[in-house]
Amino acid sequence: MAVCGAMILASCTPKTVAYFPDMTDGTLLAMVESKGVILKPADKVSIIVNTKSAELNNVLNLPVTSQIIGYNEIQSVNQSRGTSGYTIDPEGYIDFPLIGRIKAAGLSRAEFAAHLKKTLDEKSVAKDAVVTVEYLDMGYTVIGEVKEPGFYTFDNDKTTLLHALGKAGDMTIYGKRDVVKVIRTTDGKQETYVINMTDGAQMVKSPGYVLQSNDVVYVQPNNYRKRQSANANDTTTGSFWISAVSVLTTILVLIFK
């Protein structure tokens, strides 16, 4: 019985648990060309503009407003404590002080900062301004066979699939490493990239390797995990009866010992 059980377990144990076994010391891989996170409608960013004029800074940098508990007044928080965010509208623009609507969607964070700096100069609003753009509540979701599924915010401009899985505590041993899905919604259309994590060359060339805002990374369960789930409450399977007989045998040994 013990030998049979071991054979059954061995036959069900996932065989592919290593990442990119094809890669050896010195392997060079050509990554997909990517500017990183590209801003799109509904994304939220903070913008800080620093000029030589303190008065102009106060106009260009909207203060955070908050209501003090116990008071009916709305108080503007000191500028050094932060700025309020801008949400990109459905047409891809934000409305910025003194220059009006400016295009943001379709640009990387660095490109948008450069575009805003140039516009401030061209409209004679600010010369030699320093523009800093940061992500606000922008990130990706990791679900499925990982240790810590959830939503994670971007902490750099080029968050890769490997980075995302690392943030989520890595895949469990039951995750299918050759079928990892990255689900991306762009302009109201959903596209899915299927990535084989055991093939390094294929992995880094996929458009889904560098994540975008609101991407969903889904790690599918392997067949062993599926059988575990299906067998949990199924009394018609062989594994159920093997377990039942094993438990019954243990009980009988204890009774008649």
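Which of (1) of a type in the set (A, V, I, L, M, F, W, C); (2) over 30 Å from residue 214 (Cβ atoms); (3) modelled with pLDDT of 70 or more does residue 107 not meet, given it meets every other one?
Among (1) of a type in the set (A, V, I, L, M, F, W, C); (2) over 30 Å from residue 214 (Cβ atoms); (3) modelled with pLDDT of 70 or more, residue 107 violates only (2).
Is it the case, given these coordinates, that residue 153 is open to solvent by less than 40 Å² (accessible area, probe 1.4 Å), β-branched (Val, Ile, Thr) and on the phi < 0 side of the Ramachandran plot?
Judged against the criteria, residue 153 is not a match.
Among (1) in a helix (DSSP H, G or I); (2) touching a Phe, Trp or Tyr at 6+ places or on another chain (Cβ under 6 Å), there is one condition residue 101 misses while meeting the rest; what is its number?
In the conditions (1) in a helix (DSSP H, G or I); (2) touching a Phe, Trp or Tyr at 6+ places or on another chain (Cβ under 6 Å), residue 101 misses (1) alone.
A quick yes/no check of all residues on (1) part of a loop (DSSP other than H, G, I, E, B); (2) in contact with a Ser or Thr (Cβ under 8 Å, 6 or more places away or on another chain):
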| position | (1), (2) |
| --- | --- |
| 137 | yes, yes |
| 142 | no, no |
| 152 | no, yes |
| 164 | no, no |
| 177 | no, yes |
| 190 | no, no |
| 213 | yes, no |
| 220 | no, no |
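The values are calculated or read from the model by the stated rules, or taken from the named source; none is laboratory data. Model, not experiment: these values are computed from the prediction. Reconstructed Cβ throughout: ideal geometry from the backbone, glycine too, with neighbour counts over all protein chains shown. Ligands, DNA and RNA are stripped out before the accessible areas are found, and what is left, the full protein with its side chains, is counted by its heavy atoms. Shrake-Rupley method; radii C 1.70, N 1.55, O 1.52, S 1.80 Å.
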